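The values are calculated or read from the model by the stated rules, or taken from the named source; none is laboratory data. No experiment lies behind these values; they were computed from the predicted model shown. Using ideal geometry, Cβ is built from the backbone for each residue, glycine included, and neighbour counts are taken over all protein chains shown. To get the accessible areas, we keep the full protein, side chains included, count just its heavy atoms, and leave off ligands, DNA and RNA. Shrake-Rupley method; radii C 1.70, N 1.55, O 1.52, S 1.80 Å.
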Amino acid sequence: MNQSLKQPPATTDSTPRAANPPGLQPLLLLLAALAVYGWVFWPSLSSMAAIWWRSDTFAHGMFIPLISIWLVWRQRDRLPAIPLGSSWLALAAMLIGCLVWLLALATDIAALHQLAAVGILICLIPALLGLHLFWALLFPILYLLFMVPIGEELTPMLQQVTADITVKALRLTGIPVYINGLFIEIPTGKFEVAEACSGIRYLIASLAVGTLYAYLNYTRVRTRLIFMLASLLVPILANGVRAYLIVIIAHLSEMKYATGVDHLVYGWLFFGMVMALMFWLGSFWRDPEAAPAQIRQPLAIPAPSSRYLISVLTLTLFLGVGWSGFQLQHTEAEAALAELQLPQSPWQPVAGLSSPWAPRYQGADEVVKQSYRNGEPNDQLDAIGLYIARYRNETQGKELINQNNRIETAPAWTIQSQQLRQLQIGDQPFPVVETELRHLQGVQRRTWHWYGVNGETAINPLKVKLLQGLNRLSGNPHPSLVTLISTDYEDSTRADQRMQQFIEQLDQQLLKQR
């Protein structure tokens, strides 16, 4: 019997070529946008890196991007299940961020343009990869905000809080204590709560590390927020206790220990112990591992054409911002300094005030320091000190409004109070900032100061920065200046009258000059 053999049907090799993974193109678009982002916003990124490198307070900033990448890597198993998309809302947020960045660059507000640059980076991810991925990686992305070196503005307040805690603890201990501003005096010696003693380093580091600890160990939002609040408050209290212990050690050792660099070493050891204790206590409330959240499919995944359009608009936005930023940094007009007409008769120049002192405004193009008296110069308590600092164009570190500019510069002077005063010059109100200073030897000094930008006077630093930005954007910049008058006094009313008379003379000869 013939058996017919069934032959398999002839086939041709039609194996399909491996298609690109669906998430590859969006990632390539993101990498291209990140390259352009790095080039455009390099002034902000490089200035942040410089601060990380030179400042112990913000040295942790260089590790923040690495930590964020590690946090994303921990979720690598669930990322492929997240649908990618794009977001017009994030693109609009980037547009606002770019406008803020340009304004901050024009006004030389480093913290603001650095914060805007990081905010733009955060918005770039949902713009090109979609909101689903953004929400899934919300904490690793927002943790990038700790790259921005801000917070040193709190130093004066923290110095005062540390001094108050130390004094109250000393009094509870029964040690006689006298406080004069930031100077603390006990029977065995004098102490100053300097900027390095403010605890700002501990506070910023504690908040960054505590926030990460809360995310990794807790799942409930309330528990995370409570621990983050503890990371903010505990270092402030601990720094006050640290300062108190340093004073006690110096007191008991008759000023042999804890009076030099060793008290900084004690501080870091104490801070490490406090952080370890806080983490150990926090472990008792550790939440159980949460089940992986299920990714819900979106109702409608944006078409690739939408992503491509947003990518093109993003790159166009970045290039336009880069060109505008370059123009701001390299095509500045030189502001001219007109000759100042200083006060004349009846105000006569005198040698100076009763105690050496002068403000410090870094990088000023012109500084005027002179003392005057109305009449015969026979009493230095009647003298009025005049200080003027003028700036043509400003750059980083050479600014009228800068946290490193100081009214009190000599170590023996401390600020007692600062408030706004509304004067009446003729029929016009004239606001000034009044600062009360006190010398270790008991001399009291009152100062009034104000700023002038493009023919306007102001006392609000933010308003001054905005006026300077508009002045710079106009392409016809004018000099900006700070004017400060001061007097030593025993009679407060008489000091006010003297300064009022002097400022009325300035109104005629100086206030209108810019």
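Quick notes on this structure:
- Carbon + sulfur, % of accessible area of region 412-489 - ligands and nucleic acids excluded, 1.4 Å: 49 percent
- Multiplying the residue separation of Thr316 and Leu237 by 0.36 nm and removing their Cα-Cα distance gives an extension gain of 23.5 nm.
- Under Karplus coefficients 6.51, -1.76 and 1.60, residue-wise ³J(HN,Hα) of region 73-90 in Hz, glycine/proline x: 4, 4, 9, 4, 6, 9, 5, x, 7, 8, x, 8, x, 8, 9, 5, 4, 5
- Sequence-ordered 3J(HN,Hα) estimates for region 54-67 from the Karplus curve with 6.51, -1.76 and 1.60 and θ = phi - 60° stand at 9, 10, 5, 5, 10, 5, 5, x, 5, 8, 4, x, 5, 5 Hz, glycine and proline given as x.
- For region 126-276, with all protein chains in place and a probe radius of 1.4 Å, 71% of the accessible heavy-atom surface sits on carbon or sulfur.
- Reducing region 138-174 and region 201-215 to their Cα centroids gives an inter-centroid distance of 12 Å.
- Ligands, DNA and RNA are left out, and with a 1.4 angstrom probe the accessible area of region 108-169 is 35 Å² per residue.
- At an R0 of 45 angstrom, the distance between the Cβ atoms of Gln444 and Leu31 translates into a FRET efficiency of 0.10.
- Overall, the ratio between the Cα radius of gyration of region 64-129 and 2.2 N^0.38 Å, rounded to two decimals, is 1.36.
- Karplus-derived HN-Hα couplings along region 451-457 (A = 6.51, B = -1.76, C = 1.60, θ = phi - 60°), whole Hz, x at Gly and Pro: 10, x, 9, 6, x, 10, 9
- Gain in span if fully extended, Arg421 to Lys168, counting 0.36 nm per residue against the direct Cα distance: 87.9 nm
- Computed label-point distance, nm, for sites Tyr215 and Leu89 using a 7 Å Cα→Cβ extension: 2.1 nm
- Averaged over its residues, region 379-495 has an accessible area of 43 Å² per residue, based on protein heavy atoms and a 1.4 Å probe.
- Computed from the C-beta positions of Lys369 and Glu434 and an R0 of 25 Å, the FRET efficiency is 0.80 to the nearest 0.05.
- Extreme residue, positive dipole direction of region 102-207, given options Ala163, Ile204, Ile175 (C-beta unit charges): Ile175
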